[in-house]
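Undergrad: Please see the structure below; I have some questions.
The values are calculated or read from the model by the stated rules, or taken from the named source; none is laboratory data. None of these values were measured; they are calculated from a predicted model. Positions of Cβ are generated from backbone atoms using ideal geometry, with glycine treated the same way; all protein chains shown enter the neighbour counts. Protein only, heavy atoms only, side chains kept; ligands, DNA and RNA dropped before computing areas. Shrake-Rupley method; radii C 1.70, N 1.55, O 1.52, S 1.80 Å.
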Amino acid sequence: MRAKKVKTELRREQIIQAALDLIGIQGIQALSIVGIAERVGIVPSALYRHFKNKEEVLDGVLMLIKKRVLGNIAHVKKKTSDPLEQLQCLLIRQTRMLSENRAIPHVVFSDGVYTGPPDRKAKVAEIMAAFLAGIQDIITEGQQMGTIRGDVIPFAASVMFLGMIMPAAVISNVSEGIVDIPAHAETVWPMFLRCISNEKKDQDHN
């Protein structure tokens, strides 16, 4: 039974990743069960063993995005105890993730999300809120350690941080790569750093 369960979970992951890849190519409105099945290499009837319909697949895509976003926060916290280094590493990981998964902005900002089942919009909001909360925690910790200015408002700074990522990803998508997202992150990081860090620490993190 356990081997069967592992196989089932792996297939579900393959289906969700295939859906995410196709959204990046075709957009969310063109996503279909037939297209997903073809990309995975199975017949459509086999896909229905794992998901009831396309809407359930899309919910799975949102769960995958949330897992990766929160996974990035957990990773940087394990990598270093310095809040400023955590933020820089998170910026790099998030921009790299968006560069490699162009579908994520499509999912987050698509009409298909907001005109679909009522709870889907709430799930997107939950992802955004969790990401912003993670950044606020890092900023608050930095303030307690004295590396981030005490007059910085954590929520406002977290929104600024997100603003370094998502607009660049959207522009990159609609312009077929006019913005190099990882390179953009390297350019904007020093500016963000100057906004939030204590002046005496700036040189250590440039």
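Undergrad: Regarding region 95-172, what is the average projected area of its C-alpha convex hull, in nm²?
TA: If you wrap the Cα atoms of region 95-172 in a convex hull and average its projections, you get 5.9 nm².
Undergrad: With the other protein chains left in place, how much accessible area per residue, in square angstrom, belongs to region 1-51 at a 1.4 angstrom probe? Each step should come with its number before you reach the end.
TA: Working: 3240 Å² over 51 residues.
Accessible area per residue: 63 Å².
Undergrad: Can you spot the lysines whose alpha carbon is less than 19 Å from residue 7's alpha carbon? Ignore those fewer than 8 places along the same chain.
TA: List returned: 52.
Undergrad: What whole-number value in Å² describes the accessible area per residue of region 61-196 for a 1.4 Å probe?
TA: Numbers: 6580 Å² over 136 residues.
Result: 48 Å² of accessible area for each residue.
Undergrad: Here is a follow-up. Starting from the 7 Å offset along Cα-to-Cβ, what nm value, one decimal, do you get for the label separation of residue 49 and residue 26?
TA: Rounded to a tenth, the inter-label distance reads 2.3 nm.
Undergrad: Output the 0 to 90 degree angle, nearest 10, between the alpha-carbon long axis of helix 118-145 and the longest principal axis computed from the alpha carbons of the chain.
TA: Here the helix axis deviates by roughly 30 degrees.
Undergrad: For residue 191 and residue 126, compute 0.36 nm times the residue count separating them, minus their Cα-Cα distance, and round to one decimal in nm. Don't skip to the end; give the middle numbers.
TA: Numbers: separation 65, 0.36 × 65 = 23.40 nm, distance 2.82 nm.
Going from the current span to full extension adds 20.6 nm.
Undergrad: Okay, moving on. So what J values fall out for region 13-28 if you push phi through Karplus, 6.51 cos²θ - 1.76 cosθ + 1.60 with θ = phi - 60°, rounded to Hz, Gly and Pro as x?
TA: My calculation for region 13-28 gives 5, 5, 5, 5, 5, 4, 5, 4, 4, 5, 4, x, 8, 10, x, 6 Hz in order.
Undergrad: Something else: Grab the beta carbon distance between residue 174 and residue 79, set R0 = 30 Å, and tell me the FRET efficiency rounded to 0.05. Before the final figure, lay out the partial values.
TA: Working: r = 33 Å, r/R0 = 1.09.
After rounding, the FRET efficiency stands at 0.40.
Undergrad: When the accessible area of region 1-51 is computed with all protein chains present and a 1.4 Å probe, what percentage of it is carbon and sulfur? Working shown, then result.
TA: Details: 1730 of 3240 Å².
Heavy-atom surface of region 1-51 belonging to carbon and sulfur, 1.4 Å probe: 53 percent.
Undergrad: Can you give the relative contact order of region 45-198 as a percent, counting alpha carbon pairs under 8 Å and 6+ residues apart? Write out the running numbers ahead of the final one.
TA: On the way: 122 pairs, mean separation 42.2, N = 154.
Over region 45-198, the number comes to 27 percent.
Undergrad: Please report, largest first and rounded to whole Å, the three semi-axes of the ellipsoid equivalent to region 61-196, where each semi-axis is the square root of five times an eigenvalue of the C-alpha gyration tensor.
TA: Numbers: eigenvalues 129, 62, 34 Å².
So the equivalent ellipsoid measures 25, 18, 13 Å along its semi-axes.
Undergrad: Need one number: convex hull volume per residue for region 1-51, Cα atoms only, in Å³. Let's see the in-between values first.
TA: Working: hull volume 3.2 nm³, N = 51.
Here the figure is 63 Å³ per residue.
Undergrad: With runs of 4+ DSSP H residues as the only contributors, calculate the mean residue ellipticity of the chain at 222 nm using -39,500 (n - 2.57) per run, divided by the residue total and rounded to the nearest 500.
TA: Values: 12 runs with 159 residues, N = 206.
About -24500 deg cm²/dmol.
Undergrad: Can you list residues from other chains, or at least 5 along the same chain, whose modelled amide H is less than 5 Å from the amide H of residue 197?
TA: 149
Undergrad: Can you give the three extents of the C-alpha atoms in region 26-119 along their principal axes, from longest to shortest, in whole Å?
TA: 50, 27, 23
Undergrad: Right, here's the next one. Calculate the spin-label point distance for residue 140 paired with residue 183, positioning each point 7 Å from the Cα along the beta-carbon direction, and give it in nanometres.
TA: 3.8
Undergrad: Taking H placed 1.01 Å from N in the peptide plane, check which residues at least 5 places from residue 31 or on another chain put their amide H under 5 Å from its amide H.
TA: none
Undergrad: Mean shadow of region 135-199, computed from the convex hull of its alpha carbons, in nm²? Walk me through the intermediate numbers first.
TA: Working: hull surface 17.6 nm².
Seen from a random direction, the Cα hull of region 135-199 projects 4.4 nm² on average.
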